[in-house]
1. Which value in nm describes the separation of the simple spin-label points at Phe22 and Ala49, placed 7 Å from the Cα toward the beta carbon?
2. Once R0 is set to 35 Å, what does the formula 1/(1 + (r/R0)^6) return for the Cβ-Cβ distance between Val42 and Ala72, expressed as a FRET efficiency to the nearest 0.05?
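Derivation of every value follows stated rules applied to the coordinates shown; laboratory data play no part. The model shown is predicted, which means the values in this text are computed figures rather than measured ones. For neighbour counting, all protein chains shown are included, and Cβ atoms are generated from backbone atoms with ideal geometry for every residue, glycine included.
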Amino acid sequence: MSEQLLSARGRVVISIIVMIIFIAALIVAFWSKNDNMLMVLVGVAATNATTVVGYWVGSSSGSTKKDDALIANQVTPLR
């Protein structure tokens, strides 16, 4: 497999794992009737949603495309 494909799959897999863990925490907070924990997790959900959208469509997405273009031209991207 190409390095780009593995990198793209890795980002998707990590995003899915993080969201599954977060949803599990929300379910536990809801069923335990812990209002404080539920309120904190809802706030975290809003922050996570903003971060995820920003990553996939924002500057990080553009940076990834730039890195992919540099790799295609065999230029080492600066980190």
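1. According to this spin-label approximation, the distance is 1.0 nm.
2. On the way: r = 42 Å, r/R0 = 1.19.
The computed FRET efficiency comes out at 0.25.
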